[in-house]
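Single-structure report; data block below.
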Amino acid sequence: SVAGDAMVDDHSDVTENAASATKGWLKEFLGKYRLCPYTSSASRAAVGLASVGVPVGGVHIQVTEPTTSSSATKAARIVDAFWTEVVTLMQSSQDEWATSLVVFPEYDDEFESFVEVCDGIIEPTVVATQATEVIGRAWFHPYYDADLVGHTDVIAGHAVPHKMVEGFMNSLNLES
């Protein structure tokens with residue numbers, strides 16, 4: 001179904017709330033602070049890439065319905081959701097969907113488990129398929145903590161922590 005400017009696969013209040021929060025985050029955080037130089041909102045991704053042949057398109061948002069599954073099943077479901085979105089993007093025109101976000105509310109309070117799946121399962125599958133040059137990845141999480149992951153620097157696939165950026169931007173606003 002179409003919700004606002006972005007496509008959202010939704011089935012319940014949880015997924016609708018997650019989709020709405022994600023679209024708000026895209027606009028009020030990612031776009032506002034220009035954390036992704038190519039995404040300004042749910043309807044405008046790949047901004048500034050026309051010179052290399054990439055048209056502006058939307059953000060496909062896939063919210064995965066929460067279940068009461070085991071940690072192994074949950075991990076398999078997020079891996080499946082990731083690769084399903086890769087297929088969705090490959091089968092869509094770039095001006096329709098320039099990028100995708102997999103939203104998985106079951107990991108909202110499980111940051112370390114989330115990172116284990118992203119770094120320990122998804123990333124190796126991207127490498128194994130020799131797709132690192134064509135599949136961009138960025139792991140976003142509401143409780144992202146670089147210290148817990150052991151990353152002292154921003155590394156590929158890991159977004160700058162939300163609280164770090166927000167605190168920095170708030171300090172700039174206080175100084176002006």
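The values are calculated or read from the model by the stated rules, or taken from the named source; none is laboratory data. As the structure is a prediction and not an experimental result, all values here were calculated from the model. FYI the Cβ positions are ideal-geometry reconstructions off the backbone, even for glycines, and counts take in every protein chain you see. Just the protein is used for accessible areas: all its heavy atoms, side chains included, with ligands, DNA and RNA removed. Shrake-Rupley method; radii C 1.70, N 1.55, O 1.52, S 1.80 Å.
Whenever a residue of segment 132-147 is at negative phi, its partners that are in a loop (DSSP other than H, G, I, E, B) and surrounded by 14 or more Cβ atoms within 10 Å (Cβ to Cβ), lying with C-beta atoms within less than 7 angstrom and at least six residues away or across chains, give the pairs Ala138/Ala159; Trp139/Ala159; Phe140/Ala159; Pro142/Asp108; Tyr144/Ala159; Tyr144/Pro161; Asp145/Pro161; Ala146/Pro161. Across segment 115-132, the number of residues qualifying as assigned to a helix (DSSP H, G or I) and small (Gly, Ala, Ser) comes to 2. The number of residues in segment 15-29 being open to solvent by less than 40 Å² (accessible area, probe 1.4 Å) and free of Cβ contacts under 8 Å to residues at least 24 places away in the same chain comes to 1. Can you spot a residue in segment 57-64 that is on the phi < 0 side of the Ramachandran plot and open to solvent by 30 Å² or more (accessible area, probe 1.4 Å)? For segment 57-64, residues on the phi < 0 side of the Ramachandran plot and open to solvent by 30 Å² or more (accessible area, probe 1.4 Å): absent. Given (1) in contact (Cβ under 8 Å) with a residue 40 or more places away in the chain; (2) open to solvent by less than 60 Å² (accessible area, probe 1.4 Å); (3) farther than 23 Å from Val127 by Cβ; (4) of a type in the set (A, V, I, L, M, F, W, C), identify the lone condition not met by Cys36. Status for Cys36: all satisfied but (3). For segment 133-150, filtering for residues that are part of a loop (DSSP other than H, G, I, E, B) and over 18 Å from Thr22 (Cβ atoms) leaves 5.
Over 22 Å from Ser12 (Cα atoms) and either in contact (Cβ under 8 Å) with a residue 40 or more places away in the chain or of a type in the set (Ser, Thr, Tyr) (or both): is that true of Pro55 in this structure? Judged against the criteria, Pro55 is a match. Residue pairs whose Cβ atoms lie under 7 Å apart, sitting 6 or more positions apart in sequence or on different chains, and linking a residue in segment 65-79 that is under 24 Å from Asp13 (Cβ atoms) and assigned to a loop (DSSP other than H, G, I, E, B) to a partner that is open to solvent by 60 Å² or more (accessible area, probe 1.4 Å) and at pLDDT below 90, are Glu65/His11; Pro66/Val14.
Of all residues in segment 119-131, those that are at negative phi have Cβ atoms under 6 Å from Cβ atoms of residues that are surrounded by 10 or more Cβ atoms within 10 Å (Cβ to Cβ) and modelled with pLDDT under 90, 6 or more apart or on another chain, in Val126/Thr132; Val126/Ile135. Scanning segment 109-121 for any residue that is surrounded by fewer than 12 Cβ atoms within 10 Å (Cβ to Cβ) and modelled with pLDDT under 85 turns up nothing. Considering Ala159, Ala131, Ala146, Ala138, the condition of being at pLDDT 75 or above, open to solvent by less than 40 Å² (accessible area, probe 1.4 Å) and of a type in the set (Gly, Ala, Ser) is satisfied by Ala131 alone.
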